[in-house]
Amino acid sequence: MKLSASILVLSCLTVAHCEVFTALVEMEELLDTEAVLMRTLSNYIDVQEKRVDTLKRKAAEYAREHEEASADISKYLNNPINAYLLVKRLTSDWRDVEKLMVDDVGQEFTDRLTGYRETLKFPSDEDLNGAAVALMRLQDTYHLNTASVARGELNGVQYSTEMSAGDCFELGRQSYNNGDYYHTTLWMNEALDRLSEETNKTTTREDILEYLAFSTYMEGNVRAALRLTDELLEIVPSHQRAQGNKVYYQQALSATPAKQRKGEDGSDDENVDKQYAFTEKASSKQKRSSDDVLPEREMYEALCRGEGEVPPAKIAKLKCRYTTRNNPYFILSPIKEEEAYHKPNIWILHDVMNDAEIATIKKLAQPRFKRATVQNYKTGELETANYRISKSAWLKGEEHPHVEAVNQRVEAITGLTVTTAEELQVVNYGIGGHYEPHFDFARKEETNAFKSLGTGNRIATVLFYMSDVAQGGATVFPHLNVALWPTKGSAAFWYNLHANGEGDYMTRHAACPVLAGSKWVSNKWIHERGQEFRKPCDLTYDS
């Protein structure tokens, strides 16, 4: 009996709480433990309820947007803001939803999502970044005000619902990751403005301030960056990066002469308090004449905005006519021909592709779409490039009577043979899709261009417009001050080479970013080989 008592005492000594029940004072401590556990459980329930409420709100938001999109898919996706937000919902937004769903209850659904990723198309982070960059491109090219875009307006037209502070923050974050601090400051400032008006916040002020402060510094406004950092440290005093940046900014200011310690625009200290970032690029609506000498990039963007204008003296010489182009093919139905420019001659041919042909060509091309490429002038190899954002496919005439009919119509229009021409290229431009200034012909130094074809250089281009475009998407010739605006069923035609076979550098052209709508085109590039008797060469530029 004594042995058993000794063993019991020894056991209680080795386990500290073995005999808690033997004293009420020990029980009081258990009540404290229970209180902590209850608070933890209560907090867990609150988090779960907030999680479910958030998921319900997200589900309602997605349902609302999906219902709007389903009512008219083309109209919905023709708006680049909607397209961007759709990609965002299925990338960063959906990752947040998945995180909320990852628990015992949500595991079944996350397993389903894993399976869906193997069978359905999901945008990637690269898609999200590309969509964000496209919106930045549209903003710059068309001088769009950040607040207007955030309200869903494009050039004064309301296309979509407003963006949230989180949407604006994500645009700023993507710009930051790309090293684009100008747009980071614009969109982080917009996120700050919207955050103060929102009750259901998906981002925090401190997150926005962290990106905004450093971007403002990178844009040259050190004093404003310091003020933003101070504000961030008021919210999060222990923020290590902000603490280090504050010291750095203070040192930069102390090393700068007093007369230069102002805002980046030379404003005084009072104005610096009110201005955290650069002022947006000003919008210009005035028309430009062809006598205005601007860098190619500026002229290209001005033409995209509709600011270019051919001088009246040149316009007076341009004509519109019904013509058969000396081809019996058009005797019963002459071509509606519009002269867009002289020397180089550029024509617009109206109603030369019908709706049935357009529908067929789109249907055949879409399953084959791949990212459009450009030719490396050194190697001759095809490669993707950021200055050409679109997808394309190639169609042979024998694939469908409609494709062959278009090929034959090209031959009748131009008087050139298409037996040595490239296949019909079909193109659809994506969010803010564009193709910066380029030549269709190969220059002398591009010795490998079209070498594999063995049909010589591209003598002419026929560009069919297969859709109307609500805003943007013009074909512009920066050195001619000419802009051709897409009209469904029409086509543009010009020669790329002079009569002596040398490239006509005045035909350098570009496809403007699509601001609103979906731009479909197809083009036929006609080559030199086989044209010896149809368009004889000459020793001079023009004969």
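Quick one: Cα centre-to-centre distance for the stretch 152-201 and the stretch 493-543, in angstrom?
42
Beyond a 24 Å Cα-Cα separation, which of these cross-linked pairs lie in this structure: 319/444; 99/201; 396/444?
Numbers: 319/444 34 Å; 99/201 17 Å; 396/444 29 Å.
Among 319/444; 99/201; 396/444, the Cα-Cα distance tops 24 Å for 319/444; 396/444.
Could you sort 514-526, 320-332 so that the peptide with the highest average Cβ count within 10 Å comes first and the rest follow in order?
Details: 514-526: 23.5, 320-332: 11.7.
Packing proxy ranking, top to bottom: 514-526, 320-332.
By accessible area of protein heavy atoms, probe 1.4 Å, what ranking do 400, 66 get, highest first?
Working: 400 60, 66 125 Å².
Ranking 400, 66 by accessible area, largest first, yields 66, 400.
Rank-order 170-176, 506-512 by packing density, defined as the average count of other C-beta atoms within 10 Å over each peptide's residues, highest first. Kindly include the intermediate steps, with their values, before the conclusion.
On the way: 170-176: 25.0, 506-512: 23.4.
The most tightly packed comes first, giving 170-176, 506-512.
Counting only C-alpha contacts under 8 Å and six or more residues apart, can you give the relative contact order of the stretch 408-488 as a whole percent? Intermediate results must be reported in sequence, preceding the final value.
Working: 46 pairs, mean separation 16.1, N = 81.
That works out to 20 percent.
Using a/c under 1.5 as the rounded threshold, could you call the stretch 330-475 rounded, prolate or oblate? The axes a ≥ b ≥ c are square roots of the C-alpha gyration tensor eigenvalues, and prolate needs a/b larger than b/c, oblate otherwise. Write down the numbers at each step before the final one.
On the way: a/c = 1.39, a/b = 1.24, b/c = 1.11.
Rounded is the answer for the stretch 330-475, as its axis ratio a/c remains below 1.5.
Could the peptides 239-245, 79-85 be put in order, highest first, of the mean number of other beta-carbon atoms found within 10 Å of their residues? Numbers along the way, then the final one.
Working: 239-245: 15.1, 79-85: 23.6.
The peptides rank, most packed first, as 79-85, 239-245.
The values are calculated or read from the model by the stated rules, or taken from the named source; none is laboratory data. All values derive from a computational prediction rather than experimental measurement. Counting neighbours? That spans all protein chains shown, and the Cβs are built from the backbone with ideal geometry, glycine included. Please note that ligands, DNA and RNA were not included when accessible areas were found on the heavy atoms of the full protein model with its side chains. Shrake-Rupley method; radii C 1.70, N 1.55, O 1.52, S 1.80 Å.
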